[in-house]
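Taking it in order: structure first as structure tokens, then the write-up.
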Amino acid sequence: MPAEPPPGTPSRADRELAAHLENTPLAVIEWDADFRVVRWTGQAEAIFGWPAAEVVGKRPADWRLVHDDDAVAVERLMREIAALRRPRSVLVNRNYTRAGAVVWCEWHNSILLDDAGRLVSILSLVLDVTERKAAVEASARSEARLRTALAAAGMIGWEWNLAANRGAMSADFAAFHGLPPEVTYDSPAGAEQTVHPDDMPAVRRAAAGAIAEGGEFQWEYRGRVPAADGGERWFATRGQVFPGPDGRPARLVGVTADVTDRKRAEAERGVLNRRLADAQRWEGLGVMAGGIAHDFNNILTVVLGSAALARRTAGPGSPADAHLDEIELSCDRAARLCRQMLAYAGRGCPPAGRADLSRVVGEAAPLLTGPAGGQVTVRLDLAADLPQVRADPGLVRQVLVNLVTNAAEASRDGRPVTVRTAAAEVRPDDPTDGFRLPPWPGRYAVLEVADVGEGMTPEVRDRMFDPFFSTRFPGRGLGLAAVLGIVRSHRGGIAVDTAAGRGTTIRVLWPADDPRPAAVPADRPGRGVALVADADPFRREVVAATLENQGYEAVVAGTGAEGLELYDQRRDELRVAVVDVDLPGATGCGLLDVLHHTDPDMPLVVLIGPTGEPPPAAGRAATLRRPFRPEELAAAVRHVTGG
């Protein structure tokens with residue numbers, strides 16, 4: 001028989017258990033009922049640094065084991081254990097090592113009672129979780145930085161679990177989309193509350209396609225709640241589909257950004273690009289029309305002048321009178337056609353004179369019966385005390401008639417067309433949404449024509465001012481093109497408010513103009529020498545003949561230099577000068593400057609082309625636009641000379 005082990009020798013089972021306790025990564029610490037150390041394993045020494053000989057028989061308060069900031073929590077747990085209220089407990093707290101370092105430990109405690117139910121001992125299994133705690137804190141800091149970065153970038157991060165069909169967000173999903181906070185948005189029904197109903201089908205298709213195909217995904221949508229200014233809010237989503245262990249899609253991870261500013265900037269760029277294209281198209285048309293009009297008007301001036309001179313030569317009652325009448329009438333028609341071409345291209349005559357918009361509309365009211373077709377009533381709502389506008393009343397009437405014609409044809413069931421006038425002021429920071437021709441900042445008188453017709457689609461609205469474009473029948477559509485050209489030549493603005501099914505309102509802004517006292521020419525009696533400076537020889541002869549018929553001696557020059565030479569030679573005899581601004585050499589403007597500064601009282605008649613800008617008003621001067629009749633030239637000479 002094997003020999004019995006000596007008394008007090010540990011059994012084999014105790015030795016094996018002790019070996020296991022020494023090999024476990026957990027520190028095993030046993031306390032008696034008074035919380036004095038009974039057992040302190042090697043792993044406890046490895047974690048805390050104290051050998052068993054230095055701590056056995058001590059209470060935690062007898063040496064520096066518990067971190068000062070956690071002492072209260074540890075003492076409270078010890079009291080609960082001693083009172084048998086916590087037979088098992090877990091506590092994570094900080095401890096000191098023998099070297100003074102701080103370690104985070106996870107304490108798993110259990111108690112042992114005797115047969116009488118009295119506390120015998122406490123066993124603590126301790127795990128060093130310092131690295132795990134540091135990793136968790138680092139992850140939390142990284143997540144906080146990510147949240148901050150997303151918030152600063154106007155983004156929100158999210159993850160969608162496909163199996164649970166639930167989502168988790170990096171920030172307040174409701175606040176991000178401007179939605180009520182009392183609703184949860186981590187379910188499919190809740191998440192869809194963030195998307196505008198009109199965009200929901202597209203978002204669903206995009207999400208389903210991403211799940212089916214895997215990989216990256218992206219989509220854009222409008223929010224259900226508008227922005228603070230009432231406009232649309234836009235969001236863009238980008239992300240990645242991640243598979244599960246079985247290779248099937250398991251999670252969608254993405255970010256959603258508020259891209260409202262970007263979408264608005266894109267829309268503004270689109271508007272600017274369309275305006276640029278319009279400007280280029282109109283500029284090309286204007287260059288062509290201006291070139292044709294320049295040469296055509298030169299010819300008309302000569303034809304009209306020659307016809308007038310021929311009439312004087314033939315005398316009253318001449319058989320040629322009927323033919324001369326037809327020549328002059330045809331020239332008038334050609335001149336009107338040329339002005340209409342320039343109006344379509346926006347290169348018509350700059351506005352001359354001043355007008356009261358309400359008065360012009362009121363006087364034109366009888367003319368609106370025809371454009372309205374007799375089937376539509378035109379209602380007038382005219383404001384009083386409007387600012388005067390610098391505009392040609394005839395062109396204002398043309399704009400009015402064209403707009404009323406368009407509105408009457410669009411009206412449904414004979415509903416009335418309303419014409420209003422009002423005052424308005426455009427500030428530099430005012431939005432230009434709805435303007436086809438944006439106005440400059442300043443004061444305006446507004447002409448508004450509104451109908452309650454079928455309205456226009458965006459595609460029709462974009463083309464409504466194109467020449468010859470019409471939705472009705474071929475051969476129409478010139479009216480609105482002329483409106484745009486006339487308003488552009490007046491440096492005004494046009495706004496269009498329309499939508500399919502709710503009618504159209506067009507507002508034309510005419511720039512206000514402060515009244516300026518007209519210069520009264522001083523008396524300069526008698527006849528004398530008249531200087532004629534014009535590069536066109538035929539027109540020069542017509543002008544000279546007209547002045548000679550008025551009793552002047554005409555001296556002619558074909559260049560600015562020749563005009564200056566004649567002025568120096570005949571200065572004392574000179575009574576009037578007729579100068580074309582398109583002179584070569586010293587130019588007509590240069591000659592005019594010399595004449596004005598040398599003799600501010602010199603009567604001047606300035607000839608300009610159909611698209612030219614009148615020179616600044618100075619002294620006793622009148623402007624005459626080509627083509628003109630000899631009678632118009634004679635009237636201008638009488639005006640500046642006081643004759």
query = Which of the residues that make up segment 379-404 are β-branched (V, I, T) and farther than 14 Å from E363 by Cβ?
reply = V389, V399, V404
task = Could you list, in sequence order, all residues of segment 598-643 that are under 42 Å from the mean Cα position of the chain (by Cα), part of a loop (DSSP other than H, G, I, E, B) and modelled with pLDDT of 80 or more?
result = none
Residue among D462, D381, D413 that alone is surrounded by fewer than 21 Cβ atoms within 10 Å (Cβ to Cβ) and either aromatic (F, W, Y) or within 22 Å of the chain's Cα centre (by Cα) (or both) = D462
ask   = Given the residues E131, E30, E143, which is the only one that is free of Cβ contacts under 8 Å to residues at least 40 places away in the same chain and surrounded by 12 or more Cβ atoms within 10 Å (Cβ to Cβ)?
value = E143
ask   = Can E192 be described as modelled with pLDDT of 85 or more and either crowded, with 18+ Cβ neighbours inside 10 Å or under 30 Å from the mean Cα position of the chain (by Cα) (or both)?
value = no
note = Only unsatisfied item for W510, checking (1) among the aromatic types (F, W, Y); (2) modelled with pLDDT under 80; (3) buried (at least 19 other Cβ atoms within 10 Å of the Cβ), is (2)
query = So which of E548, E573, E562 ends up being surrounded by fewer than 16 Cβ atoms within 10 Å (Cβ to Cβ), more than 18 Å from G305 (Cα to Cα) and either in contact with a helix residue (DSSP H, G or I) (Cβ under 8 Å, 6 or more places away or on another chain) or modelled with pLDDT of 80 or more (or both)?
reply = E573
query = Can you tell me which of A277, A265, A257 is of a type in the set (A, V, I, L, M), at pLDDT below 90 and crowded, with 17+ Cβ neighbours inside 10 Å?
reply = A257
task = Residue by residue through segment 576-593, note down the ones that are without any contact (Cβ under 8 Å) to a residue 40 or more places away in the chain and either out of contact with any helix residue (DSSP H, G or I) (no Cβ under 8 Å at 6 or more places or on another chain) or over 22 Å from R638 (Cα atoms) (or both).
result = G585, A586, T587, C589, G590, L592, D593
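The values are calculated or read from the model by the stated rules, or taken from the named source; none is laboratory data. None of these values were measured; they are calculated from a predicted model. All Cβ positions, even for glycine, are placed from backbone atoms using ideal geometry, and neighbour counts span all protein chains on display.
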